[in-house]
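The values are calculated or read from the model by the stated rules, or taken from the named source; none is laboratory data. Only a predicted model underlies this, so the values are computations on that prediction, with no experimental measurement involved. Because the Cβ atoms are built from the backbone with ideal geometry, glycine has one as well, and the counts that use them run over all protein chains shown. Accessible surface is based on the protein model in full, side chains and every heavy atom, while ligands, DNA and RNA are left aside. Shrake-Rupley method; radii C 1.70, N 1.55, O 1.52, S 1.80 Å.
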Amino acid sequence: MTAQTLTQMAVEVLTTADGRAKTALSRAHAARWRDARAAGTPIPVGEAAPPLHPARPAAPELLDPRDVPRRRPGSPQGRIALLHAVAHIELNAVDLHWDIIARFGHVPMPMGFYDDWVKSADEESKHFNLMCDCLEELGSHYGALPAHAGMWRAAEDTRDDLLGRLAVVPMVLEARGLDVTPGMIEIFQKANAQSAVDALKIIYAEEVHHVAYGSKWFHFLCGRDNTDPVVVFHDLVRTYFHGALKPPFNEEKRAEAGIPPDFYWPLADQLR
Ligand SMILES: [Fe+2]
Ligand SMILES: [Fe+2]
């Protein structure tokens, strides 16, 4: 490991293409950051130039979401497709958390900001590996099916706007994960697919924190700017997020993650 700063470590992860290699490096860097923090000798944050797009493996083939074939979740093939889609989301999430660290190194933030996103990146790396293990148990693997091409769009659109990034990535996209994961767990419970149920339960429990970190640092920045977080959130989501938010919302978990209903209901489908 040659990286001397946290933002250099982030760029190393972002420029590693293979999923298992990317997540192994991500976990090693997270441990290095955590140990240095615990020892009272933190690694400097520094500044680095992250790539506009993270390196990705040759497979899966990335398709426009409209061209990704839909499979019935009740079938074994449908369950493989669902796990594959989650694996793809998790790999993207690894890059998103390292990207927020690398891209906004010039914005002065407390150390806790970096602790939170390093921890999130570490957890997403674990989630990706869990999904890969489940796929391999079912005789498939990450890369065996086509995947969604549009995943990095939110990152690109908000590359110059930290508040926009926090609004759209953890507070909209990851909060959406809280809405849909219980239904997924049910699908695998019905199929008696225990390892997928266990993995998705870990993901569900840990994702609440990622949304909460988003809300925490969003409110922190609004406080620093002396602005109204609800108004700013609505403006940013309307600017950077393409489409309305889709109910039903997991209001309980969203509340636990620090996102009250007045943040999302005014942006929901039927009220636009
Ligand atoms: Fe995750
Ligand atoms: Fe997450």
At 7 Å along the Cα-to-beta-carbon direction for both A28 and V230, put a label point, then send me their distance in nm to one decimal. 4.8
What percentage of the solvent-accessible surface of the stretch 72-224, computed with a 1.4 Å probe over protein heavy atoms, is contributed by carbon and sulfur atoms? 57
Could you work out the relative contact order of the chain? I mean the mean sequence separation of Cα pairs under 8 Å and 6+ apart, divided by the number of residues, in percent. 19
Does anything in the stretch 35-74 have its amide N under 15 Å from the 7 Å Cα→Cβ label point of Q4, and if so which residues? 43-49
From the alpha carbon gyration tensor of the stretch 158-249, can you work out the equivalent ellipsoid semi-axes (sqrt of 5 times each eigenvalue) and give them in Å, largest to smallest? 31, 14, 10
For the stretch 22-179, the per residue accessible area (1.4 Å probe, Å²) is 42
Under a GNM of the chain (C-alpha, springs under 10 Å), which listed residue has the highest mean-square fluctuation: A21, A155, A39? A39
Starting at the first residue of the stretch 164-170, write each ³J(HN,Hα) from the Karplus equation 6.51 cos²θ - 1.76 cosθ + 1.60 with θ = phi - 60°, in whole Hz, x for Gly and Pro. x, 4, 5, 5, 7, 7, x
Could you list which residues have their amide H under 5 Å from that of A268, counting only those 5 or more apart in sequence or on another chain, with H placed in the peptide plane? L245
Calculate the radius of gyration of the Cα atoms of the stretch 1-137 to one decimal place, then report Dmax, the largest Cα-Cα distance, as a whole number, both in Å. 16.4, 52
Provide the net charge surrounding A121, with neighbours chosen by a C-beta distance below 9 Å and charges set as Lys +1, Arg +1, Asp -1, Glu -1. -2
Charge context of Q77, other residues only, Cβ under 12 angstrom, K/R +1, D/E -1: +4
With a 10 Å radius around each residue's Cβ, average the other Cβ atoms per peptide and rank 186-192, 129-135, 93-99, highest first. 93-99, 129-135, 186-192
Residue-wise, which Karplus ³J(HN,Hα) couplings in Hz belong to the stretch 61-75, taking 6.51 cos²θ - 1.76 cosθ + 1.60, θ = phi - 60°, and x for glycine or proline? 5, 9, 10, 4, x, 5, 9, 6, x, 8, 10, 5, x, x, 9
In vacuo Debye sum over C-alpha of the stretch 124-189, base-10 log of normalised intensity I(q)/I(0) at q = 0.17, 0.18, 0.21 Å⁻¹, listed in q order, is -0.84, -0.92, -1.09
I'm a student and want to see the number: the projected area of the Cα convex hull of the stretch 224-272, averaged over all directions, in nm². 3.9
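Could you work out the local net charge near I202, counting Lys and Arg as +1, Asp and Glu as -1, over the other residues with Cβ closer than 11 Å to its Cβ?
-2
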Compactness relative to 2.2 N^0.38 Å, alpha carbon Rg of the chain: 0.98
log₁₀ I(q)/I(0) of the stretch 153-197 at q = 0.17 Å⁻¹, via Debye over equal Cα point scatterers, no solvent, to two decimals? -0.58
